[in-house]
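What follows is calculated from the coordinates using simple rules that are stated; it is not laboratory data. Just so it is clear, the structure is predicted and the values come from calculations on it, not from any experiment. As a convention, Cβ positions derive from the backbone with ideal geometry for all residues, glycine included, and neighbour counts pool all protein chains shown.
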Amino acid sequence: MSTQVPQEQEEAEVDAGESRPRSPHQERRLQEKASKREEGQRESEERAREGEETVEIKVFRYDPEVEAKQEPRFDTFHVPFEKGMTVLDAVMYARDHYDSSLTFRHSCRQAICGSDAFFINGRQRLGCQTQIAELDTPVRIEPLPHQEVVKDLVVDMDSFYEQMEAVEPYFQTNELPEGDLEEQRQSRENREKIKMGTRCIWCASCMSSCNIAAGDDQYLGPAPISMAYRFAMDEREGEDMKEHRLRIIEQEHGVWRCQTQFSCTNVCPKDIPITEHIQGLKREAVKKNLKFW
Amino acid sequence: MHEHDVLVVGAGGAGLRAAIAAHEEGADVAIVTKLHPVRSHTGAAEGGINAALRDGDSWEDHAYDTMKGSDYLGDAPAIETLCQDSPEETIQLERWGMPFSREEDGRVSQRPFGGLSFPRTTYAGAETGHHLLHTLYQQVVKRGIAVYDEWYVSRLAVTEDPDPEKRECHGVVAFDVQTGEVAGFRARNGVVLATGGPGQVYDHTTNAVSCTGDGPAMAYRAGVPMEDMEFIQFHPTTLPSTGVLISEGVRGEGGILYNDKGERFMFEHGYASNSGELASRDVVARAELTEVNEGRGVNDEYVHLDMRHLGEERIIDRLENILHLAGDFEGVDGLVEPMPVKPGQHYAMGGIETDENGETLVSGLYAVGECACVSVHGSNRLGGNALPELIVFGARAGRHAAGTDLGEAIIETGRTEDTEIGEVDTPVAPGAIHTDTDDEAVTDGGDPRGEGASVIPEPVEIVERAVEAENRRIEHLMEKDEGVQQAELREKLQKTMTRNVNVFRTEAGLKQALRDIREVREQYQDVYVADPSRTFNTDLQQTIEMRNLIDTAEAITLGALARDEFRGAHWRQEYQERRDEKWLKHTLLSWNDGTPELWYKPVILEGEEKTYEPKIRSY
Ligand SMILES: Cc1cc2nc3c(=O)[nH]c(=O)nc-3n(C[C@H](O)[C@H](O)[C@H](O)COP(=O)(O)OP(=O)(O)OC[C@H]3O[C@@H](n4cnc5c(N)ncnc54)[C@H](O)[C@@H]3O)c2cc1C
Ligand code: SF4
Ligand code: FES
């Protein structure tokens, strides 16, 4: 039985881009490398399967530069299973033992850097935070939907970063206490209120799960709006700043687009009540507008 | 070629703080980082940041605790600077909006931490690093500082003088991870390395996968010494299966360590009769492993950390993140059961040799944060002292690189009259492998001196040459069709380091590690990149990182073999005593044309107003 079960067509939005021109010699080399890789992959999988408990993962593959991968497909890997194994562990194993070209972002392995959000069994999750034992197998691992795929599980994050930065995600206050070592006081209640909003790790899971964001690339989107909430509600920023912030999120592609579908809140790996934050800002905006009426 | 006044390599706490400081001095700054800034490992820091902020506390007390914690291997001018500047820098973070935990009166909260005589660890829940990193990045966005994210810096552009002290750094070479494009970056004023720790040298570590010692290894090959590399901190409370950290804050809040017999061993077995769980990290890590080795460990592997008695409310308020970590990564509910913990690699006290202004002996080259050794931690870092290091020395290096006069540094870099040449009996010749077949610049990567030139080239030319050399190396790695892959080598290296250069060290083990490292280095000559694509080629990136891991691992092991004493985190079976007469000095390792040279310089125990007298360290 072959361990490669590719050619499963997938409708992920892939921008094939332009592959750069290559000499016939280079092409031949690429082919050779590819076939060697497949061979190694098969061999090591045979070994892995002998007598060991394995888990089957199906990983989305795409590379605009490599002919065999220009057509998106799924590769199947059998990874030896260990208790406590996460999805990230499994893809790392597959990369380190079967195919070093398998590409994904990851770093902290502890749900804080936000770089390994994938679409795992049909839902946005962090690879490192998701136990294999809790999933149905084969585990299907895809890049975040609605984002442009760069290669394999890596998506382009630029537009997400742009939206995050569009809400002026930085503290702005005019009044500083006197004395170099005086901090600005903040009540415990106020810290509690903004606390969840400060937990965002910029993983873009919420953005990827949101129907509105998928159809409107100018929509600020869940994480940026939740970020705006974190600042707008911070009592250390002045009233004029709060108004400025409300103006930003009230724009045409701002809070009013949200249709309260809760998909962002459902997938957020940091349990941030995003929808609640969006609703909170809508209320604040209404209050402000009533004031000016 | 890109051109800026100041280039900051790395965007963790240290790099971001340096960039902001340089920008505030009016410099045109750019950050080049292999991860997007918010992905940096600083985000994982949990416990807190030490600053003497309250009545009853003083920077002097902080300095004293730090010197004692360092086991008298820290340099007083650096430690005093850290403790003097930390309060203002910490309040600066607060003024930039960092959401610290708060007291009833609205001021920032502080808590006790190991080795501190006052509860001066300022914190934001158990996710201090996340908030620090994000707050600093927000300020970078606010100032519009240029960020080249997902650009991997693989080589420094340094002039070719045979004497490293006469070399100058003019920039770096990096490749765009997304497209594979290799580009030169010229820095008119200075390059600040802030590339973080080297935890990936070990297989059980709290460090991120990106912590591969790139900065120290690149600087080392460009002629800058690595200092005190043998001092690796092993954190006493990491989760056994992943290495994920359980913050010292748990013990700070009153968490208790038990062995398999239910004994509170820190007290009952006399490891730290006064401070118990709050003794400093080296003491607790050894105690735990001794329990395991003497048969009192749980499942012969770990001990238990119990916080249940603190009560749900306090846990949720101050340690909520710990509940998530224990649950997600170990499947343990900290509210109803104790958490399994064991020591894991955590922090490198050593790094690139710098002075208090962050400058190295190569002019125009700076280093800050965990990749540097300004020598504030000596042989053992106190918890909560790394984050202040990032902001204090980050700010100083940024300013200095931007051209601000910070006064002459007291700490001298490079060789001086006090330099003592070291010798150590090694089982294999450490350093580069010279093969006659390959262009050494290719597989060995990074030696600044290419073909000798008679006239001193212009800075731009220096950068261009470095780009050429880097292109050759990358082409070679990509063209090669067979050989060995980095993952295999990485595993081998990590295994031998964990087995032989861990908490407990023996001469035989260290020698074995050197032999293994040598073998890995030899095999590395035959390494190749299987992924043929230039797009997001992590195989290529990891292969280059692997080279850095080899040099870093070798420096750690050589230093450990040379230092025949027991100091701080460095325990040697054959030498169970601190030997002040011989060892009140720093270990330095220089890459002289591929042959590591070991030398020593004295520790500076003289502070501004007093001299710190080495005392027995008891807790
Ligand atoms: C789990 C954990 C908990 C901790 N808790 C605490 C604590 O409570 N208190 C405390 O004081 N300390 C703590 N520490 C220590 C402290 O967090 C670290 O020492 C510190 O964050 C390191 O910061 P840095 O800026 O030096 O490096 P990092 O934050 O690691 O940043 C390194 C940067 O360099 C970049 N980089 C690396 N190599 C390259 C390259 N080749 N090219 C381009 N860019 C590169 C990376 O992209 C990254 O941006 C903790 C450490 C860990 C691991
Ligand atoms: S709000 Fe949650 S899901 Fe969205 S980016 Fe932040 S952490 Fe990720
Ligand atoms: S690897 Fe950092 S969030 Fe998963």
Based on the Cβ-Cβ distance of A:Glu276 and A:Glu71, what FRET efficiency does E = 1/(1 + (r/R0)^6) give at R0 = 56 Å, to the nearest 0.05? 0.85
For the ranges B:287-296, B:555-564, what's the packing order if you count other beta-carbon atoms within 10 Å of each residue, average per peptide, and put the highest first? B:555-564, B:287-296
If amide H atoms are modeled at 1.01 Å from N in the peptide plane, then the residues at a separation of 5 or more from B:Ser363, or on another chain, having amide H under 5 Å from its own are B:Arg167, B:Cys169
Among B:548-554, B:174-180, the order from most to least packed when residues are scored by Cβ within 10 Å on average: B:548-554, B:174-180
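Show that you can apply the helix-only estimate: for the protein assembly as shown, add -39,500 (n - 2.57) for every DSSP H stretch of four or more residues, divide by all residues, and state [θ] at 222 nm to the nearest 500. Don't jump to the answer; show the numbers that get you there.
Details: 27 runs with 325 residues, N = 912.
Result for the protein assembly as shown, helices only: -11000 deg cm²/dmol.
Per-residue counts of other Cβ atoms within 10 Å, averaged by peptide: what ranking do you get for B:492-502, B:51-61, highest first?
Ranking the peptides B:492-502, B:51-61 by packing returns B:492-502, B:51-61.
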Applying the Karplus parametrisation 6.51 cos²θ - 1.76 cosθ + 1.60 with θ = phi - 60° to the phi angles of the range A:66-71, what ³J(HN,Hα) value in whole Hz is obtained for each residue in order, glycine and proline being reported as x? 10, 3, 5, 10, 5, 8
Using the 10 angstrom Cβ neighbour count as an exposure proxy, how do A:Lys288, A:Lys58, B:Lys68 rank, fewest first? A:Lys288, A:Lys58, B:Lys68
How much length is gained on full extension from B:Ile433 to B:Asp481, taking 0.36 nm per residue of separation minus their Cα-Cα distance? 15.2 nm
Vicinal HN-Hα couplings computed from phi for the range B:462-467 (Karplus, 6.51 cos²θ - 1.76 cosθ + 1.60; Hz; Gly/Pro x): 4, 5, 4, 5, 5, 4
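Count, for each residue of A:93-103, the Cβ atoms from other chains sitting within 10 Å of its Cβ, then give me the mean as a whole number.
For peptide A:93-103, the averaged partner shielding equals 5.
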Please rank B:Met349, A:Met85, B:Met546, fewest neighbouring Cβ atoms within 10 Å first, as an exposure proxy. A:Met85, B:Met546, B:Met349
Additional length obtainable on full extension of the chain from B:Glu608 to B:Ser363, 0.36 nm per residue less Cα span: 85.6 nm
Give the residues of the range B:77-107 whose amide nitrogen is closer than 17 Å to a point set 7 Å from the Cα of A:Glu189 in the direction of its Cβ. B:102-107
First measure r as the distance between the Cβ atoms of B:Glu417 and B:Glu60, then evaluate 1/(1 + (r/R0)^6) with R0 = 45 Å and state the FRET efficiency to the nearest 0.05. 0.90
Report, in debye and to the nearest 20, how large the dipole of the range B:454-499 comes out about its Cα centre when Lys and Arg carry +1 and Asp and Glu carry -1 on their Cβ. 520
With the crude spin-label approximation of a point 7 Å out along Cα→Cβ, what separation in nm comes out for B:Lys495 versus B:Glu181? 4.2
Which part of the range B:472-487 falls in the paramagnetic zone of B:Asp526, meaning amide N under 11 Å from the point 7 Å along Cα-to-beta-carbon? B:482-485
Using amide H atoms built 1.01 Å from N in the peptide plane, name the residues 5+ places from B:Val192, or on other chains, whose amide H lies under 5 Å from its own. B:Leu7, B:Val8, B:Val9, B:Tyr366
Please work out the Cα center distance from the range A:242-259 to the range B:528-586, rounded to the nearest Å. 52
Can you give me the Cα centroid spacing of the range B:7-57 and the range B:107-148 in angstrom? 9
Two-site label geometry, A:Asp240 and A:Asn211: point separation in nm, points 7 Å out along Cα→Cβ: 4.2
Among all the aspartates and glutamates, which ones have a C-alpha under 14 Å from A:Lys270's C-alpha, if same-chain residues fewer than 8 places away are not counted? A:Asp116, B:Glu127, B:Glu320, B:Asp328
For the protein assembly as shown, with the dipole built from +1 on Lys and Arg beta-carbon atoms and -1 on Asp and Glu ones, taken about the Cα centre, which of B:Tyr575, A:Gly197, B:His62 lies farthest toward the positive end? A:Gly197
From phi via Karplus (6.51, -1.76, 1.60), per-residue ³J(HN,Hα) for the range B:521-534 in Hz, x at Gly/Pro: 4, 5, 5, 4, 4, 9, 6, 8, 9, 7, 6, x, 8, 8
Output the pairs from A:Lys83/B:Lys492; A:Lys83/B:Lys34; B:Lys511/B:Lys585; A:Lys69/B:Lys480 with a Cα-Cα distance over 25 Å in this structure; if there are none, say none. A:Lys83/B:Lys34
Work out, step by step, the length gained on full extension between A:Glu252 and A:Gln131: first 0.36 nm times the residue separation, then minus their alpha carbon distance; give nm to one decimal. 39.5 nm
Can you list residues whose amide H is under 5 Å from B:Val244's amide H, if they're 5+ apart or on another chain and H is modeled 1.01 Å from N? B:Leu239
The protein assembly as shown - Cys residues lacking any other Cys C-beta under 4.7 Å: A:Cys128, A:Cys200, A:Cys203, A:Cys210, A:Cys258, A:Cys268, B:Cys83, B:Cys169, B:Cys211, B:Cys371, B:Cys373
What nm distance separates the two modelled labels at B:Asn471 and B:Glu597, each placed 7 Å from Cα along Cα→Cβ? 3.4
